[in-house]
Amino acid sequence: MWTLFYEVLCYGGVVVLGLAGLFRHRMLFLAFTGVVAVFFIIALDWSPTHPALRRVDLLIQVGYPFVLGMAAYLWRDRLSLNWKIGGLLWLLCIPMLYSAYAPFFVVSALAYSVSIFAFVPRGVLMRYNSIGDFSYGIYIYAFPIQQLVAMNNADFGPYENMAWSFPLVLIIAIASWKFIEEPALRYTDWLADRFQIMKARVGA
């Protein structure tokens with residue numbers, strides 16, 4: 001759950017970038033993505049000890065794949081999702097595995113591959129989407145549930161913990177989707193309209 005703090009910061013960054021109008025200029029955002037990539041690479045050789053600088057370091061690590069996703073969305077009409085390209089990206093990772101820059105290549109290849117699995121498959125794999133999106137609930141609730149299971153079953157190994165935790169996490173994630181997340185998504189258009197009004201007032 002330690003990543004939630006940085007996820008909130010990333011979404012705050014989305015608001016700031018949106019208010020700044022960066023999403024209307026795709027080439028400018030692509031340049032911004034390049035800058036973030038450079039910072040990510042530089043941070044691979046950076047090992048800060050000060051707590052505040054450590055947070056900055058972690059934000060860069062989390063922020064790079066987040067910004068890649070934003071760029072992919074903005075360029076979705078030009079982005080080619082191809083299994084061969086995905087395989088090539090992973091092949092590029094092989095000679096870099098033992099270098100300090102391996103995380104950059106692996107994260108980039110993983111981001112592209114996740115996009116392929118999310119949008120290219122058809123048929124049975126896509127039927128899951130009609131059931132509901134429980135992934136975020138699993139992400140949020142897995143850690144506390146696993147901790148509770150560990151507290152009450154000190155002799156459990158990791159596999160036993162997962163076996164007991166997963167059904168509980170899934171039930172809570174389904175309830176969270178049905179009663180919290182899905183209803184909240186109905187307000188996205190309303191929030192977008194409020195941001196546009198706020199932006200107009202700031203620019204007036």
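Of all the numbered requirements in (1) closer than 30 Å to Arg201 by Cβ; (2) at pLDDT 95 or above, Val14 misses one, and that requirement is (2). Where helices (runs of 4 or more DSSP H) sit wholly within the stretch 145-204, those with at least 1 residues that are under 30 Å from Leu22 (Cα atoms) occupy 182-185, 188-203.
If you go through the stretch 69-91 and keep only what is assigned to a helix (DSSP H, G or I), in contact with a helix residue (DSSP H, G or I) (Cβ under 6 Å, 6 or more places away or on another chain) and open to solvent by 40 Å² or more (accessible area, probe 1.4 Å), you end up with Leu89, Trp90. Within the stretch 173-189, being of a type in the set (Val, Ile, Thr) and closer than 10 Å to Gly132 by Cβ holds for one residue alone: Ile174.
Conditions (1) assigned to a helix (DSSP H, G or I); (2) at pLDDT 95 or above; (3) surrounded by 15 or more Cβ atoms within 10 Å (Cβ to Cβ), marked per residue:
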residue	(1), (2), (3)
Phe5	yes, no, no
Phe32	yes, yes, yes
Trp46	no, no, no
Phe66	yes, yes, yes
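Of note, Phe156 does not satisfy the criterion of being open to solvent by 100 Å² or more (accessible area, probe 1.4 Å), at pLDDT 90 or above and not basic (Lys, Arg). Could we say that Phe134 is within 26 Å of Val8 (Cα to Cα), in contact (Cβ under 8 Å) with a residue 12 or more places away in the chain and over 21 Å from the mean Cα position of the chain (by Cα) here? When the stated conditions are applied, Phe134 does not pass them.
The values are calculated or read from the model by the stated rules, or taken from the named source; none is laboratory data. Here the structure is a predicted model, which is why all the values come from computation and not from measurement. Don't worry about glycine lacking a Cβ; one is built from the backbone with ideal geometry, like all the others, and counts go over all protein chains shown. With ligands, DNA and RNA removed, areas are computed over all heavy atoms of the protein, side chains included. Shrake-Rupley method; radii C 1.70, N 1.55, O 1.52, S 1.80 Å.
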